[in-house]
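Chemist: The structure's right below; bear with me while I get my questions together.
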Amino acid sequence: MAEEEKVVEELTTQEALTDPLYVPEPVDGAAAHIKSFPAAPEFQEKLGYPGERPDNWQEVALNKMQDLRGKFRSFRLFLDICVKCGACTDKCHYFMGTADPKNMPVARADLIRSVYRRYFTLPGKWFPSLVGARELTEEVLDEWYTYYFQCSECRRCSVYCPYGIDTAEITMAAREILDSVGVGMKYTNEIIGKVYDIGNNLGLQAPALKATMEDLEEEIEEDTGVKVRIPVDEPADILLIPPSADFFAEPHIDGFIGYAKVFHAAGVKWTISTYASEAANFAMFIGSYENMRRIAQRIRREAIRLGVKRIIIGECGHAWRAAYQFLNTLAGPFDFLDPNYPVPQHICEFTWDLIQEGKLRFDKSQNDHLTLTFHDSCNVARASRMGKYPGGQFDIPRNIIKAVCNNYYDMPEDTIKEATLCCGGGGGLLTDDLMELRKKGGSPRMKALKQVTEEYGVNKMAAICAICKTQFSKIMPYNGYAMDDIMSVHQLVSNAIVLPGSEQEAELDGTADESGDSEQAKEDA
Amino acid sequence: MITVLYALLYYVAFIVFAAGVAYRVWGYWKTPAPAVIPTTPAPVTRTGVVWRMFKEVAFFESLWKSNKWIWIFAMMFHLSLWLILIRHARYFVQPVPTLITLAQPFGKYAGIFFVLGGLGLFARRILVSRVRYISSPSDYLMLLMFILIGFSGLMMTFVNKPDVVGVKAFFLGLMTFNWQPLPTDFGVLVHLGLVALFLIIFPFSKLVHAPGVFFSPTRNMVDNPREKFHPVPWLPSIDEVVYDEPPGKK
Ligand code: HEM
Ligand code: SF4
Ligand code: SF4
Ligand code: SF4
């Protein structure tokens, strides 16, 4: 087909293949065929949505739109104030990767804005074609489903819009409207159901989880000679909520071992919970505060039941957003916890505090075979903070990496920190039915990585997001890397940490001269 | 006859503009921003937010990060607009304050930059395929309207000077309900007609971005969701929630 050839041509020039921020010429409909599987009725109903599309679906959808306009200032305002300046048009990794103009943030928002104009504004009622207003038809609904599930809610567009228009907010509202007429997405909605039934996205039952943790304890003991405990459902001071992928996916689990070692070295009483064994909150992806709260309140319940003083969240991008921006708001107030610590706290904040206090000892040479870079996960970068000052979310993970590794290089400045490029699999798109989109959306990040590989010999990328890690381990092999070239930040910590009484300590102190290592770490930061 | 027509037009335009903008702003004001969602890194204090917003409104900070071409044309267009508005204040107050008199020459030449900025934005809309894709007829027409307002203004300033004293008398008359005849030069009629049109469409169009930007939750919120408790106003209190039971206990 001519269109397909155009896409291929547009995306395979020398420049297109090497420039991370390459902007293709738009090719209409280039990603129209990429569609996720819809959710079955039983999964819709579990979340409080109709199982099937009702006969009067238009009316229901428009009522929902009106309802959301009253509940969310973002949605109401963003539909009105876009001036179509075009500043955001080249900022979305899905547009860069697919060349489909409907993946330009403003065009994505226009899919729903055009309908809003038709039914809710005078110019749209009187002169629809003048202002680009259109009726809510079957085709429009279909287009919504397609393109609102080609957005990872990464907020890159909102950084660059002169009014901060966040297309992620529009996408969330659109998905909520779709769900309200029984049109949901299989991957996100089934997973939310699993959390309600079992407690985590993976459907991991309590006995299996406990057994896995015992295996991990043994593994750590074999490696270090130290008995590091991983308490499950025990009363403690700290409740750790990791993304459930940390319990057995690679490289996530190596990061989890890192948390356990850090807790052990800090000598704190901590626990995980089988009931609240999930930091991820996929209800955020579908824009449903009711469902988001139902997941978030599980954490509250466990914090009370286990009598903890602090809540710490594991490495996960959107989960950290769900925790940072929403946990207190939806499941708070947490006035029963220790007021000396923020609620919730990120595992990186915890580890970095200990490093600064000189409480952790590292042997950086353990990571000398690695040359690292760091992928700023978008939800951490653009929708949260770590530490006390704005931008701490960029510095703290890098500080940790530099404290445990000798070789670190950043990717190009316009692809990291607040300008970071999404991995391509966030926002509820981490499903095999969207593999083509994931590869294409991840290509800008891959190109940025290749630049530092060529320039500095970077061979590993570290991340603090469960979705990013899974996504990269899938798409890196298509880009000349190995599956395990994506690493957890706490995996690096785990490699380098020297636990008191461990074999590593004995070895090091035999050669004595490196004993000032944690001091060194402090200076490096 | 023309005087009556324009007098009525301006009363209508003014009422539509004022009531329309008030209605919009009221809508934004009363709609909750249920969670703390600034685009981060974001200021952690109120003062910080005021500074962020100031940089956004006065210098288009985000646009600067985003696209230098749009930024240049947009700055030309908007800065000139402010100078022009200040200059026009002399038509509505008597005596004219010194500051406004001092601004006159700037306002005069700002007109040229206003039109150039507008033309630049128009050219982008046509030439850049991505921007062309997202433009509807109204986007072109609106720019055209501003360019024409600017152009007709420039013609009157530099080429064909109308009876500005008469125009001022007309507007002062409107304000005191003591109508005075409007000079009926062609330039005056076109310029004033388009300005009235602009006032009328303002509240119904993307022009509400001007008051709207101040309400944008991604820009005007303090980044403090952990430090401060912000309950969602339309969700029941946490004491009323029902918890899911663990799997065994169902
Ligand atoms: C708080 C005040 C304002 C701010 C911060 C602001 C900001 C902006 C920005 C950043 C843009 C996008 C860049 C561009 O396309 O020019 C824009 C566009 C525009 N603004 Fe404003 N503006 C303000 C007030 C106004 C006012 C009072 C008017 C008209 C009377 C106006 C008319 C326009 C128009 C027509 C466009 C679209 C230009 C195009 O079609 O490309 N703005 N504004
Ligand atoms: S940058 Fe903002 S105002 Fe400009 S087109 Fe995009 S969403 Fe609209
Ligand atoms: S939020 Fe991210 S994925 Fe969605 S439109 Fe904006 S840039 Fe694209
Ligand atoms: S998966 Fe990672 S990079 Fe992608 S949207 Fe989430 S945080 Fe961003």
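Every number here is computed from the coordinates shown, using simple stated rules; none is lab data. What you see is a predicted model, and the numbers here were worked out from it, not measured in a lab. Every residue, glycine as well, gets a Cβ built from its backbone with ideal geometry; the counts of neighbours run over all protein chains shown.
Chemist: Which of B:His209, A:His346, A:His490 comes first, and how do the rest follow, when ranked by fewest Cβ neighbours within 10 Å?
Modeler: B:His209, A:His346, A:His490
Chemist: Counting other Cβ atoms within 10 Å, keep those with at most 13, restrict to DSSP loop, and tell me which chymotrypsin sites (Phe, Trp or Tyr not before Pro) in segment B:69-115 are left.
Modeler: Of the chymotrypsin sites (Phe, Trp or Tyr not before Pro), the ones in loops of segment B:69-115 whose Cβ has at most 13 other Cβ atoms within 10 Å are B:Phe92.
Chemist: Just how large is the dipole of chain B about the Cα centre, in debye to the nearest 20, putting +1 at every Lys and Arg Cβ and -1 at every Asp and Glu Cβ?
Modeler: I would put it at about 540 debye.
Chemist: Can I ask one more? Counting other C-beta atoms within 10 Å, and keeping those with at most 16, which DSSP coil chymotrypsin sites (Phe, Trp or Tyr not before Pro) do you find in segment A:180-259?
Modeler: When the chymotrypsin sites (Phe, Trp or Tyr not before Pro) of segment A:180-259 are filtered for loop state and at most 16 Cβ neighbours within 10 Å, A:Phe248 remain.
Chemist: Count the DSSP beta bridges whose two residues both fall in the protein assembly as shown, then state the antiparallel fraction as a percent rounded to the nearest 5.
Modeler: Antiparallel bridges: around 10 percent, rounded to the nearest 5.
Chemist: How many angstrom separate the Cα center of segment A:71-93 from the Cα center of segment A:161-199?
Modeler: Cα centroid to Cα centroid, the span is 18 Å.
Chemist: Sorting A:Tyr147, B:Tyr140 on the 10 Å Cβ count, fewest up front, what's the list?
Modeler: B:Tyr140, A:Tyr147
Chemist: For peptide B:205-217, compute the average count of partner chain beta-carbon atoms within 10 Å of each residue's beta-carbon.
Modeler: Shielding by partners across B:205-217 averages 6.
Chemist: Once you've got the Cα coordinates, tell me which of A:Lys417/A:Lys439; A:Lys6/B:Lys206; A:Lys46/A:Lys417; A:Lys46/A:Lys227 are over 31 Å apart.
Modeler: Long pairs (Cα-Cα over 31 Å): A:Lys6/B:Lys206; A:Lys46/A:Lys417; A:Lys46/A:Lys227.
Chemist: Could the peptides B:145-158, B:179-192 be put in order, highest first, of the mean number of other beta-carbon atoms found within 10 Å of their residues?
Modeler: Output ranking for B:145-158, B:179-192: B:145-158, B:179-192.
Chemist: Enumerate by residue number the GluC sites (Glu not before Pro) in segment A:9-93 meeting two conditions: DSSP loop (anything except H, G, I, E, B), and at most 11 other Cβ atoms within 10 Å of the site's Cβ.
Modeler: In loop regions of segment A:9-93 (DSSP not H, G, I, E or B), there are no sparsely surrounded GluC sites (Glu not before Pro).
Chemist: With everything on Cα atoms, drop me the angle between helix A:105-120 and the longest principal axis of chain A, reported from 0 to 90° to the nearest 10.
Modeler: That works out to roughly 40 degrees.
Chemist: In debye, nearest 20, what is the charge dipole magnitude of segment A:19-184 about its Cα centre with +1 on Lys and Arg Cβ and -1 on Asp and Glu Cβ, if you could check?
Modeler: 640 debye
Chemist: Here's another thing I want to ask about it. Quick one: order B:Lys30, A:Lys359, A:Lys460 by neighbouring beta-carbon count within 10 Å, fewest to most.
Modeler: B:Lys30, A:Lys359, A:Lys460
Chemist: Return the calculated 222 nm mean residue ellipticity for chain A, to the nearest 500 deg cm²/dmol, obtained by summing -39500 (n - 2.57) across DSSP H runs with n ≥ 4 and dividing by the residue count.
Modeler: About -14500 deg cm²/dmol.
Chemist: If you take each beta carbon of peptide A:321-331 and count the beta carbons of other chains within 10 angstrom, what is the mean?
Modeler: 5
Chemist: Running Debye on the protein assembly as shown with equal point scatterers at the Cα sites and no solvent, what base-10 log of I(q)/I(0) appears at q = 0.07 Å⁻¹?
Modeler: Here the Debye-derived log intensity ratios amount to -0.55.
Chemist: Name the residue farthest towards the positive end of the dipole of segment A:19-184 from the options A:Leu47, A:Thr121, A:Thr146, assuming +1 on Cβ of Lys and Arg, -1 on Cβ of Asp and Glu, about the Cα centre.
Modeler: Working it through, the farthest residue towards the positive pole turns out to be A:Thr121.
Chemist: Another question about this same structure. Please give the average number of partner chain Cβ atoms lying within 10 Å of the Cβ of each residue in B:67-80, rounded to a whole number.
Modeler: 2
Chemist: Compute, for the protein assembly as shown, the length of the dipole vector about the Cα centre, with Cβ point charges of +1 (Lys, Arg) and -1 (Asp, Glu) only. Units Debye, rounded to 20.
Modeler: With Lys and Arg at +1 and Asp and Glu at -1, about 4420 debye.
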